[in-house]
Amino acid sequence: MSAETSSGDGRASVPWLVVLACAYLGLLALVAALAGAIATPDDLTSDLRSRLLPPLGFGGTWAHPLGTDELGRDMLARVILSVRTSLFVALVGTIIGAVLGTTLGMVAAWSGGFVDDAVMMLVDVQASLPFIILALAAIALMGSGLGLFIVVVGLFGWERYARIARGMTLAAREDGYAAATAHLGGGPWRISVQHILPNILGTLVVTLTINFPETMLLETSLSFLGLGIQPPNTSLGTMLGDGRTYLLTAWWIAVVPGVIISLAALSTSLLGDWLRDRLDPNLRR
Amino acid sequence: MLGFIIGKVMRAIIALLLVVTLTFVSLRAAGDPAAAFLPPDAPIQQVDQFRSNWGLDRPVLVQYLVYLGNLAHGDFGQSFADGRPAIVVVGERVPKTLLLLGLSFVFMLVLGLALGTTAALTHRTPLDRAIMLVTVLGYSVPNFFLGLLLILVFAVQLRWLPSTGSDGWQTLIMPVITIGTTGAAIIARFVRSALLEVVGKPHVRAARARGLRDFIVVAGHVLPNAAIPTVTVIGFILGGLIAGGVITETVFAWPGIGRLTVTAVAARDLAVVQAIVLLIAASMVTANLMVDLLYGWLDPRVRAGKRQP
């Protein structure tokens with residue numbers, strides 16, 4: 001889509017920026033996928049003689065291109081492993097939220113009555129509390145094991161999918177194709193999965209691109225606070241949290257992961273905006 | 001109109017009751033409350049005392065009603081970190097947080113409105129594009145990183161501002177910017193598209209055709225109509241403000257509710273966490289109710305209209 005054909009409000013949908021954003025996200029995905037091959041936990045052995053070394057360009061050497069941290073661990077290896085953790089948690093979390101929300105929304109639409117009311121009430125409650133507070137309360141109650149933490153992060157955003165899936169299922173039920181399937185003897189399950197789902201997939205995918213960076217920010221925020229990913233695992237948020245203490249002497253410990261997160265969020269925003277304009281002109285906040 | 005108000009108030013009350021119920025259920029589901037609230041080496045008399053205080057020896061429904069009664073009396077249990085009532089521990093932090101969040105709200109509103117209006121009025125010019133790009137950047141940088149960057153530049157390098165603390169107006173500057181930036185970016189984009197939508201409407205073209213000056217058209221005919229959709233995001237913004245407060249207060253060691261939340265969660269001080277959750281839920285539900293009512297007052301169609309699907 002060129003700038004001339006962009007929609008009336010002239011959203012910053014410059015194609016080369018979108019290409020750049022895709023390239024960056026692709027690079028991150030590649031790093032995450034190959035993390036096991038290019039960096040091993042062995043690369044994270046501490047070496048107190050070479051602690052707090054600056055990155056290349058600030059007096060550092062090729063031995064540690066991004067410098068070292070407070071224990072003399074190589075920052076590059078740490079960043080690679082952290083990108084893997086953060087992307088993995090965000091991806092699994094986004095999928096959990098999408099599947100849960102969509103299912104609940106569809107079930108609510110088909111059942112009606114009490115079930116519908118109950119689901120919509122939960123949506124209301126969810127919308128009335130900032131999610132990070134709920135997540136913190138859950139961590140306070142149940143501790144922060146990795147599996148549990150992923151589930152907590154996964155609950156984020158389910159209410160959006162639920163709302164969309166419910167509304168669109170209700171609308172689609174009245175459409176000819178759903179009614180036709182029903183006349184041919186198709187049950188709610190068959191109609192939902194085989195006929196309605198493909199029709200609302202575009203909107204759900206757009207919601208997914210909005211949710212993914214927010215899920216990543218939630219994970220990194222909680223890890224930054226020291227309540228998310230726990231050592232020996234490392235996430236970009238954990239690194240930033242560690243780097244906070246060394247801001248005076250070693251700024252790179254905080255700045256390197258911070259820049260990576262910010263660029264990832266920026267890229268997904270640009271991509272999401274562009275996708276939204278292309279796939280679903282009706283879905284604007 | 002009265003029916004509309006009663007309906008909204010009922011919904012708010014039900015939402016709040018649901019939050020309280022969920023809190024009750026999850027506290028019970030998390031295991032023996034006596035074990036959770038009391039230190040593990042608590043003497044058996046104290047455990048019994050605790051059980052009878054909270055009515056744990058009675059049926060669940062009675063327990064639930066007692067729980068509601070206690071909350072209504074402001075009894076949220078004891079903080080086991082320092083033994084005082086949780087409501088006191090939380091209450092003494094409220095003024096600092098209100099000051100910080102209040103200023104941040106004003107900051108984001110002023111900056112967001114200014115940027116959004118400027119962008120809309122200079123639609124499709126380089127200035128508009130530049131503002132939009134800045135706003136994308138503004139909500140992409142996570143607030144914990146923005147806070148650290150500000151500290152790095154203004155406290156470590158330039159030494160203009162103190163990096164932590166809560167004494168004097170200087171300590172407010174960086175936290176307010178940190179919390180307000182994301183919201184300002186969202187408001188700016190929202191105001192811009194709301195304005196652009198209204199500018200094309202017939203009543204605005206009519207006002208222009210009557211030869212009214214640009215300022216009058218914008219202030220008298222465009223802004224009031226653009227206010228309607230903007231009001232709806234305020235509840236959403238408030239949630240962001242609270243979430244931002246949790247992070248930002250921790251970054252700048254600001255002694256408010258946000259930092260208390262993090263320390264209470266880390267120490268698993270459940271009474272305090274519970275008090276904070278209910279306090280925030282109550283403020284959010286109230287704020288959303290106000291927004292709904294304001295929305296109904298601004299837009300007559302909402303009052304008369306059906307519930308949206």
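I need a count of the residues in segment B:273-286 that are aliphatic (A, V, I, L, M) and either in contact with a strand residue (DSSP E or B) (Cβ under 6 Å, 6 or more places away or on another chain) or facing chain A (nearest Cβ under 9 Å) (or both). The qualifying residues number 7. Counting only residues that are among the hydroxyl-bearing types (S, T, Y) and more than 20 Å from A:A109 (Cβ to Cβ), segment A:179-233 holds 5 of them.
Among the residues making up segment B:136-151, those that are more than 20 Å from the chain's Cα centre (by Cα) and either farther than 27 Å from A:F212 by Cβ or at pLDDT below 90 (or both) are B:V136, B:L137, B:I151.
Condition check ((1) at pLDDT 90 or above; (2) among the polar types (S, T, N, Q); (3) farther than 30 Å from B:V19 by Cβ) across all residues:
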site	(1), (2), (3)
A:P41	no, no, yes
A:L44	no, no, yes
A:G67	no, no, yes
A:G97	yes, no, no
A:D116	no, no, no
A:V119	no, no, no
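In segment A:77-95, the residues that are closer than 15 Å to A:L263 by Cβ and open to solvent by 20 Å² or more (accessible area, probe 1.4 Å) reach residues that are in a helix (DSSP H, G or I) and not aromatic (F, W, Y) with C-beta atoms within less than 8 angstrom, at least six apart or across chains, in these pairs: A:L87/A:L28; A:L87/A:A29; A:L87/A:A32; A:L87/A:M216.
For segment B:251-269, the set of residues classified as facing chain A (nearest Cβ under 7 Å) and surrounded by fewer than 24 Cβ atoms within 10 Å (Cβ to Cβ) consists of B:V262, B:A266, B:R268, listed by residue number.
So which of B:D214, B:D167 is over 21 Å from B:I131 (Cβ atoms), of a type in the set (D, E) and either at pLDDT below 80 or open to solvent by 30 Å² or more (accessible area, probe 1.4 Å) (or both)?
So the residue among B:D214, B:D167 that is over 21 Å from B:I131 (Cβ atoms), of a type in the set (D, E) and either at pLDDT below 80 or open to solvent by 30 Å² or more (accessible area, probe 1.4 Å) (or both) is B:D167.
Going through (1) within 12 Å of chain B (Cβ to nearest Cβ); (2) outside any loop (DSSP other than H, G, I, E, B); (3) open to solvent by 10 Å² or more (accessible area, probe 1.4 Å); (4) not β-branched (V, I, T) one by one, A:A140 falls short only on (3). Scanning segment B:222-233 finds no residues that are facing chain A (nearest Cβ under 9 Å), within 21 Å of A:A137 (Cβ to Cβ) and either in a helix (DSSP H, G or I) or open to solvent by less than 30 Å² (accessible area, probe 1.4 Å) (or both). Taken over segment B:271-288, the residue count meeting the criterion of being open to solvent by 20 Å² or more (accessible area, probe 1.4 Å) and either under 25 Å from B:I151 (Cα atoms) or at pLDDT below 85 (or both) is 2.
Let's see how each residue does on (1) among the basic types (K, R); (2) farther than 25 Å from A:S269 by Cβ; (3) in contact (Cβ under 8 Å) with a residue 24 or more places away in the chain:
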residue: B:T164; (1), (2), (3): no, yes, yes
residue: B:F190; (1), (2), (3): no, no, yes
residue: B:K201; (1), (2), (3): yes, yes, yes
residue: B:R208; (1), (2), (3): yes, yes, no
residue: B:G211; (1), (2), (3): no, yes, no
residue: B:I216; (1), (2), (3): no, yes, no
residue: B:N225; (1), (2), (3): no, yes, yes
residue: B:V233; (1), (2), (3): no, no, yes
residue: B:G244; (1), (2), (3): no, no, yes
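Just checking, does segment A:61-76 include any residue being within 18 Å of A:F149 (Cβ to Cβ), of a type outside the set (A, V, I, L, M, F, W, C), in contact with an Asp or Glu (Cβ under 7 Å, 6 or more places away or on another chain) and crowded, with 21+ Cβ neighbours inside 10 Å? No. In segment B:238-250, which residue that is more than 8 Å from chain A (Cβ to nearest Cβ) and open to solvent by less than 10 Å² (accessible area, probe 1.4 Å) is farthest from B:L111 (Cα to Cα)? The extreme case among them is B:E249.
Among the conditions (1) in contact (Cβ under 8 Å) with a residue 60 or more places away in the chain; (2) more than 10 Å from chain B (Cβ to nearest Cβ), A:P198 misses just one, which is (1).
The values are calculated or read from the model by the stated rules, or taken from the named source; none is laboratory data. Given the structure is predicted, the values throughout are model-derived calculations rather than measurements. A quick note on method: Cβ atoms are made from the backbone with ideal geometry, for glycine too, and the neighbour counts reach across all protein chains shown. We work out accessible area using only protein heavy atoms, side chains counted, and drop any ligands, DNA or RNA first. Shrake-Rupley method; radii C 1.70, N 1.55, O 1.52, S 1.80 Å.
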